[in-house]
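Engineer: Take this structure first; my questions come after.
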């Protein structure tokens, strides 16, 4: 039940925001499947 509810909330609220910012070129996606230091570097590069 909890997972289903969280997925419903994502589809209702988070997903539209993602699409909104992506359509305006304001969304930056950062791959966080790495070490903490590498992810930090990726985040800093995305924000630069």
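Engineer: Looking at (1) touching a helix residue (DSSP H, G or I) at 6+ places or on another chain (Cβ under 6 Å); (2) assigned to a helix (DSSP H, G or I), which one does residue 28 not meet, given that it meets all the others?
Structural biologist: Every listed condition holds for residue 28 apart from (2).
Engineer: Do you know which residues across segment 31-45 are over 12 Å from the mean Cα position of the chain (by Cα), assigned to a helix (DSSP H, G or I) and surrounded by 11 or more Cβ atoms within 10 Å (Cβ to Cβ)? Spell out how you get there, then give the answer.
Structural biologist: In the first step, residues of segment 31-45 are kept if they are over 12 Å from the mean Cα position of the chain (by Cα); the result is 33-42, 44-45.
Subset that is assigned to a helix (DSSP H, G or I): 36-42, 44-45.
Hits for segment 31-45 are 38, 39, 40, 41, 42.
Read-outs throughout are calculated quantities, based only on the coordinates presented, and are distinct from any laboratory measurement. None of these values were measured; they are calculated from a predicted model. For neighbour counting, all protein chains shown are included, and Cβ atoms are generated from backbone atoms with ideal geometry for every residue, glycine included.
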